[in-house]
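First comes the structure, then the notes that go with it.
Values in this text are rule-based calculations from the coordinates and carry no lab data. Since this is a predicted model, take the numbers as computed values, not measurements. Counting neighbours? That spans all protein chains shown, and the Cβs are built from the backbone with ideal geometry, glycine included.
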Amino acid sequence: MKVDAVLAAAVDLAREGLTGIAEDGAVGEHVGMRMVDERLGMHLFACTSAAYLGWQWAVTVARVPRGKVATVCETNLVPGEGALLSPEWVPYADRLAPGDIGPGDVTPMVVDDPLLEAGFEATGEDDVDQVAQWELGLGRARVLSPVGREVAASRWYDGEGGPSAPIAVKAPAPCSSCGFFVPMAGALRAVFGVCANEWSPSDGRVVSLDHGCGAHSEVDAARPEPEVVSPPIVDDFLLDTTP
């Protein structure tokens, strides 16, 4: 865009426009001018305020068609190179992470959550609906989608309830052969269950079939044979001279 000569020459006018806006000594040297639109330009001045290092004063000037006099439109501060800026705003729902939810906290609802899909839908006939809800165990607006099951399964399998957990690596046998292993219902049954052994560190948690721990129901601890100790011989007629 062609530079407007009248606006480009209005440096002093732009500096005067900062009078009463900037504190004394906060306006530095003129650092440039750029055209914003036809007959509309912006002069930039360095900001020397200690609180706004790297920022610049921006003064917008304009002129009417065929006018030879520039007019100040507005003044403000704009960030320059190296200016300190606030972090990019992240919505509350996107800031949450697993473990952030505490007593009384409520998470925002995600309407189009790819991890969920529509659950059982009522037919309007009470008998049919009750039988379906009982058999399916649903009656919920949404249930896990295939994507949701895969994400959860990957997280569980790679976590403390999977085969790579330190306690599972040293386990004497897998959970699949343990009497305290309760298989899950549905599609996850083939890989996961819940531990029901109060002696296990995984009690009440989801564990994989190939997880394991030392509290396996069918594994016994090594029982060493009792050590036979010969009874000491006591001589009542022997005088002990040990000091």
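Go through 65, 78, 36 and say which Cα lies farthest out towards the positive end of the charge dipole of region 5-79; charges sit on Cβ, +1 for Lys and Arg, -1 for Asp and Glu.
With unit charges placed on the Cβ atoms, the residue in question is 65.
Could you tally the net charge around residue 197, taking each other residue with its Cβ under 13 Å from the Cβ of residue 197, Lys/Arg +1 and Asp/Glu -1? Don't skip to the answer; put the middle values down first.
Working: positive: 205; negative: 198, 203, 218.
Combined, the nearby Lys, Arg, Asp and Glu give -2.
Which of 184, 207, 194 sits farthest toward the positive end of the charge dipole of region 147-208, with +1 on the Cβ of Lys and Arg and -1 on the Cβ of Asp and Glu?
Sorting the options by dipole projection puts first 184.
For region 192-199, what does the Karplus curve 6.51 cos²θ - 1.76 cosθ + 1.60, with θ = phi - 60°, yield as ³J(HN,Hα) per residue in whole Hz, taken in order and with x for Gly and Pro?
Using θ = phi - 60°, the values come out as 10, x, 10, 7, 10, 9, 5, 7 Hz.
Could you please report the charge total around residue 215, scoring K, R as +1 and D, E as -1 over all other residues with beta-carbon less than 14 angstrom from its beta-carbon?
Numbers: positive: 170, 205; negative: 198, 203, 218, 220.
Once all neighbours under 14 Å are counted, the net charge is -2.
Tell me, what HN-Hα J-couplings in whole Hz come from the Karplus equation 6.51 cos²θ - 1.76 cosθ + 1.60 at θ = phi - 60° for each residue of region 206-212, using x for Gly and Pro?
6, 9, 7, 4, 9, 6, x
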